[in-house]
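Notes for the one structure printed next.
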Amino acid sequence: MEKIIQLKVRKDLDPHQQLTIIKLKGSLISKGYTEIIHILDQDDEFHINTFETAAGQRNEVQQYITAFINAENLLDSISLK
């Protein structure tokens, strides 16, 4: 069964933050965690990025995302929802 993961992404990012978040999404796809990431507006401040991953990979994906966010100092820009 597939599990949905959501990311809450701030809209007002500087170019470096935008590029880093694009790298995160690309790495999620290239590592085979998902095939597509859907982007929806939440409000004036945030986008919600949603993707499905295999149930057995959910914890691994969440740990990868958390480590990436911490390593790239993106705590104010993106979070797991």
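Taking 1 over the mean of 1/r across every pair of different Cα atoms in segment 17-57, what Kirkwood radius in Å do you get? Could the numbers behind the result be given before it?
Values: mean 1/r = 0.0890 Å⁻¹.
Kirkwood hydrodynamic radius for segment 17-57: 11.2 Å.
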Nearest-20 debye value, the chain charge dipole, Cβ charges on Lys, Arg, Asp, Glu: 300
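For every helix of n ≥ 4 consecutive DSSP H residues, a contribution of -39,500 (n - 2.57) applies; sum these over the chain, divide by its total residues, and give [θ] at 222 nm rounded to the nearest 500 deg cm²/dmol. Walk me through the numbers before you get to the answer.
Values: 2 runs with 30 residues, N = 81.
Result for the chain: -12000 deg cm²/dmol, rounded to the nearest 500.
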Surface/4 of the Cα convex hull for the chain, nm²: 4.9
Count, lysine Cα pairs under 14 Å in the chain, 8 or more residues apart or across chains: 4
Projected label distance in nm at SER79 and THR66, using a 7 Å step from Cα toward the beta-carbon: 1.4
Percent RCO, i.e. relative contact order, over the chain, from Cα pairs under 8 Å lying at least 6 residues apart: 48
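Read-outs: derived from the displayed coordinates by stated rules, not from any lab. What you see is a predicted model; the values in this text were computed from it and never measured. Here the Cβ is made from the backbone with ideal geometry for all residues, glycine too, and neighbour counts use every protein chain on show.
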